[in-house]
Amino acid sequence: MGVLNDFTEKAKGVVAAATDKAKDVANVTKINVAIAGEQKEIDKNCLAIGQWFVSDYDGEIPEGVKDLVDAVNASKAKIAELEASKPVKEAEPAAEAGADAEPAGKPCPICGEVSNSKFCPHCGAPMGD
């Protein structure tokens, strides 16, 4: 019976080690998911900072980002040209609204899409103040 007890004890040890490893893997996975979530927040905030910088910065643009800002502005101009070259859609009849109805938003300075967002949902351009 001693051999059977040794085997049982060894099996319990292996199961315990496997359980510990599984818990470690689960904890590492949770940490990695949390890190990825925080990285996504960083990316979102950096994007917002960049969009603000390109659209609202009034000072002299630093040399390190001047080429990038120029490239963004060139792309915005190209988008405006492309949007202007689209065929004009027939205006849909406006819904009957009272004189005191609030506007649905303001038009995007690049593509004309109406929105209440800070950035245009159609082309991503800043909507301005």
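The values are calculated or read from the model by the stated rules, or taken from the named source; none is laboratory data. Bear in mind the structure is a predicted one, so any value in this text is a computation, not a measurement. Positions of Cβ are backbone-derived with ideal geometry, glycine not excepted, and every protein chain shown enters the neighbour counts.
Tell me, please, whether a residue that is surrounded by fewer than 10 Cβ atoms within 10 Å (Cβ to Cβ), out of contact with any strand residue (DSSP E or B) (no Cβ under 6 Å at 6 or more places or on another chain) and assigned by TED's automatic domain parsing to the domain that holds residue 111 can be found in the range 2-17. Looking for residues that are surrounded by fewer than 10 Cβ atoms within 10 Å (Cβ to Cβ), out of contact with any strand residue (DSSP E or B) (no Cβ under 6 Å at 6 or more places or on another chain) and assigned by TED's automatic domain parsing to the domain that holds residue 111, one finds none in the range 2-17, hence no. Within the range 50-64, the residues that satisfy the criterion of being part of a helix (DSSP H, G or I) and loosely packed, with under 10 Cβ neighbours inside 10 Å are 63, 64.
Quick grid of which residues meet (1) assigned to a helix (DSSP H, G or I); (2) of a type in the set (S, T, N, Q); (3) under 19 Å from residue 124 (Cα atoms); (4) modelled with pLDDT of 90 or more:
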site	(1), (2), (3), (4)
26	yes, no, no, yes
40	yes, no, yes, yes
66	yes, no, no, no
74	yes, no, yes, yes
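Is it the case that the range 76-92 has a residue that's at pLDDT 80 or above, in contact with a Ser or Thr (Cβ under 6 Å, 6 or more places away or on another chain) and not assigned by TED's automatic domain parsing to the domain that holds residue 47? The answer is no; no qualifying residue exists.
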